[in-house]
Amino acid sequence: MAARPIERISVSSAVADDLRKRILGGDIPGGEQLRQETLAAEYDVSRMPVREALKQLEAEGLVVFSPYRGAEVTSLSPDAIAEVFDLRALIEPDVLRLAIPHLTKADIAAAEKNARAFDRALHGSGKDVGELGRYNWALHAALYRPANRERTMQFLQTLHYHAERHTRLHVILAHGRQRASDDHRNLIEYSRQGEIKMACRLLREHIKAAEDDLLTFLKEQRE
């Protein structure tokens, strides 16, 4: 590959910026390995800033590390994203509808605790950003668990796992930060007040808005 020199100021950020553009633009496809030594030679830098750049992109959901393959680009298939979010929009409002009449103060407190942790992670370090998916699921799970739908909860947890990287990409790069925080706060309040219709409507809109924003963002980047 031809060398792609990068200025020595904020080397890891510059490498991350360039890799991000190439991934979102489709120049580096999903599933492709990102070898640190190859990238270091390509950008004419040492391996350390390359590793830092890859960790930053991992926090954003664009790269995943596996034990045997190292770093590779996350698949961002629009069809796969739509399928996951469409399933969530179908199932989660119904589970919430069943759960709200049985919510306890402890359930609400758990949701609020994870909502605060989610907000802190939005404005924290790269390591904190990597926890967004975990806090998001914990928040939703606290509101859904009183529905007593064990198999559904297991399936939803799997869906959230698949959506985790897309969730991070949405709130970090697709400008979903403030809406995510506001929706979480309002969802908890509607649930606390027993406003089933309002809570379920907001939840469905919350999920679909994230899907629409993310798909629009990916389309714009590739165009």
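Could you grab the pairs with beta carbons closer than 9 Å, sequence gap of 6+ or different chains, first residue in segment 191-204 and surrounded by fewer than 17 Cβ atoms within 10 Å (Cβ to Cβ), second one of a type in the set (D, E, K, R) and in a helix (DSSP H, G or I)? What qualifies is E195/E189; K197/R97. Restricting attention to segment 165-189, the residues being within 16 Å of A82 (Cβ to Cβ) and in a helix (DSSP H, G or I) number 5.
Here R134, R179, R145 are screened, and the one residue that is at pLDDT 95 or above, out of contact with any Gly (no Cβ under 8 Å at 6 or more places or on another chain) and in the same structural domain as R97 (by TED's automatic domain parsing) is R145. Against the numbered list (1) over 30 Å from E195 (Cβ atoms); (2) part of a helix (DSSP H, G or I); (3) among the aromatic types (F, W, Y), Y68 comes up short only at (2).
Annotation note: Cβ proximity below 8 Å between a residue of segment 55-73 that is in contact (Cβ under 8 Å) with a residue 60 or more places away in the chain and a residue that is among the polar types (S, T, N, Q) and surrounded by fewer than 17 Cβ atoms within 10 Å (Cβ to Cβ) (sequence gap 6+ or interchain) occurs for Q56/S13.
Run R116 past the list (1) farther than 18 Å from I81 by Cβ; (2) buried (at least 18 other Cβ atoms within 10 Å of the Cβ); (3) of a type outside the set (A, V, I, L, M, F, W, C) and report the number of the one that doesn't hold. Just one mismatch for R116, condition (2). Sub-6 Å Cβ pairs linking a first residue in segment 104-132 that is closer than 16 Å to T167 by Cα to a second residue that is at pLDDT 95 or above, at least 6 apart or interchain, are N114/A138; N114/L139; A115/L139; A115/H184, ordered by first then second residue.
The values are calculated or read from the model by the stated rules, or taken from the named source; none is laboratory data. Not measured: the values here are computed from a predicted model. Here Cβ is always computed from backbone atoms with ideal geometry, including for glycine, and neighbour counts include all displayed protein chains.
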